[in-house]
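A quick write-up on the structure given underneath.
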Amino acid sequence: MNAAQRRALFERLRALNPHPRTELEYSTPFELLVAVILSAQATDKSVNLATRRLFPLASTPRAMLDLGVEGLAQHVRSIGLYQGKARNIVAACRILLEQHGGEVPADRDSLEALPGVGRKTANVILNTAFGQPTMAVDTHVFRVANRTGLAPGKTVRAVEERLLERVPGEFLHDAHHWLILHGRYVCRARAPDCPNCAIADLCEYRHKASAPEAGDVRAAQRAPGASRRPAVGRRRG
Ligand code: SF4
């Protein structure tokens with residue numbers, strides 16, 4: 001995929017969804033941090049169901065620490081791996097209070113030093129809470145980057161670095177949201193919806209279903225619901 005095609009790809013995804021947001025619900029960087037830790041190997045929907053009950057009770061590191069591992073676990077037990085996640089969150093809260101004045105730090109090293117926070121989670125926090133042009137590569141971004149030819153790579157890190165090199169600057173901040181949503185709702189793992197895909201004619205996936213002509217793509221974009229654009233995440237409050 002050449003530079004002009006990469007630009008066209010993001011122009012189309014932007015046209016379909018000018019202001020992409022995470023589907024996780026949060027109102028502060030701390031709530032986002034908790035939600036992202038909870039979302040590992042779980043759906044955003046399941047996390048939102050739990051945090052709608054949790055955050056009104058505990059929305060700061062101090063309150064979460066007071067809740068304790070057992071108390072927190074009771075609120076998130078519908079989420080996979082909840083016991084380990086509860087332990088990590090409470091341990092992270094202790095570090096936030098002891099080393100960061102109760103605030104979520106805005107630098108990668110400090111974030112990755114928190115229990116339950118790896119490179120992908122740090123990228124999400126840096127991008128979504130602090131506006132940095134990082135590229136969080138999850139399973140959806142990895143699949144779309146490889147299938148389309150946008151940023152092929154054998155490892156998550158390789159795809160992340162190639163995306164950072166290849167995504168035009170004006171799209172860098174929102175690129176990972178567009179790619180996640182495209183992978184989640186259109187370029188699905190098992191049944192990619194190629195006939196209704198707005199970037200089908202740009203995509204290099206060798207197994208894609210027949211790509212529509214350019215005029216058909218524009219018609220598909222105009223058709224109600226054809227973009228499969230999801231309802232974007234809401235910030236509470
Ligand atoms: S054409 Fe198919 S494989 Fe390519 S991005 Fe669209 S849905 Fe994915």
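Please treat every number below as a calculation from the coordinates, not as lab data. Source: prediction; values computed, not measured. Note that we place each Cβ from the backbone using ideal geometry, even for glycine, and neighbour counts take in every protein chain shown.
Observations
- Matching residues, the range 121-176, being within 23 Å of residue 27 (Cβ to Cβ) and within 16 Å of the ligand (Cβ to nearest atom): 138, 176
- Cβ pairs under 6 Å, 6+ apart, first in the range 193-208 and polar (S, T, N, Q), second more than 6 Å from the ligand (Cβ to nearest atom): 196/220; 196/226
- Members of the range 137-163 that are crowded, with 17+ Cβ neighbours inside 10 Å and outside any helix (DSSP H, G or I): 137, 138, 149, 150, 151
- Of the residues making up the range 56-72, those that are among the charged types (D, E, K, R) and out of contact with any Leu (no Cβ under 8 Å at 6 or more places or on another chain) are 66, 70.
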